[in-house]
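A.B. asks: What follows is a structure written as structure tokens; I'll ask about it next.
FYI, it's all coordinate maths here, none of it is from the lab. No experiment lies behind these values; they were computed from the predicted model shown. Ideal geometry is used to build each Cβ from the backbone, glycine not excepted, and the neighbour counts take in all protein chains shown.
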Amino acid sequence: MQLIYQPLTTDRIALRFQNNIQSCFSRVRLLYGSTPLEDIPNYNVIVRSLTEWTGADALGPDQTSVTDGIGGVTPTVSGAVFSDANTSTQTGTNVPILGNVRQKYIQGLHTCATALDVTTPAGFGSVPNGPVANANVGTFVGIKGVNPIRRYQVQLALGLMQQEKLLPTKFMASQLAIEITLAQPSECIYFNANGSAANPIQPTYTISNVNLIPEILEFDASYDESFLRGLQTNGVPIKFSTWNNYRFSNGLSSTANLQIQERSRSVKAIFCMQRISNAILAADSGASYFNTDLLSGVAGTTLQDYQYRIGGR
């Protein structure tokens, strides 16, 4: 995974991927021949939300930071040396504050003092290609022309990959395929910049050297005979759960009544997320809203209550 950006010498930037590197996958399909077994649009939204709800401690880094690009905040001094982001009250003392784990330890470009102060030359530099001293970050020594690269290893959130049974690839005639659609940079990258008005180039990314690394088990001939008998009689069932998702716009209404046309054998869980309608680089577009105020000039509000109605229940 290569993060691409060519900064100017006047740029003060914070550039990183959003939480969980699978935010780069906008859609994932699992196919057997031409038949889709699973098709999950908005895959990055689902994975990102599951990361926030059930993931590791936000005060990383931990093993998921290395493999999956997951990380919240961590106490830091380097690259964020002030206890106050307001430049008029900065004291210059090394007071630990909270820094972003993905920015400091995983992958990104960072040339500003803090997430809020994008005017003072400082920062973590280029990660993971090697951060430089704060004194050199402002002059872009060791940063300009560097596009940091990191390798990740992820477990896809496909139901067939999460269930406990083995997949009989020996009997599938090499027709099992995984199709991944990459997201736009604004859907998976956070970019905070100052002084970049003269630079029309927006950050982007590339993915290369993609490998599927399965665990392959071989059994003796008696297993193959038993499996073939099962295929010839009632078949070999492999049950799994998957995700369906639906997108609605509520306009400026304070209430919404949304009809979901769903046909499933069973439903284990339903989640509702309120998100920004159009992804932008300057915001964490993969996150859900905390403040759901719909009218400017009105004090912020949050979602008050909701109700699911299934049939007449």
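A.B. asks: For the range 170-233, just say rounded, prolate or oblate: build the C-alpha gyration tensor, square-root its eigenvalues into a ≥ b ≥ c, call rounded for a/c under 1.5, and beyond that prolate if a/b exceeds b/c, oblate if not.
C.D. replies: Here the range 170-233 falls in the prolate category.
A.B. asks: Determine the sum of side-chain charges near M273: Lys and Arg each +1, Asp and Glu each -1, restricted to other residues whose C-beta is under 13 angstrom from that of M273.
C.D. replies: Details: positive: R48, R247, R275; negative: E52.
Around M273, the charge tally is +2.
A.B. asks: Just to verify a number: FRET efficiency for L98 and I178, C-beta to C-beta distance, R0 = 45 Å, to 0.05?
C.D. replies: So, using R0 = 45 Å, E works out to roughly 0.75.
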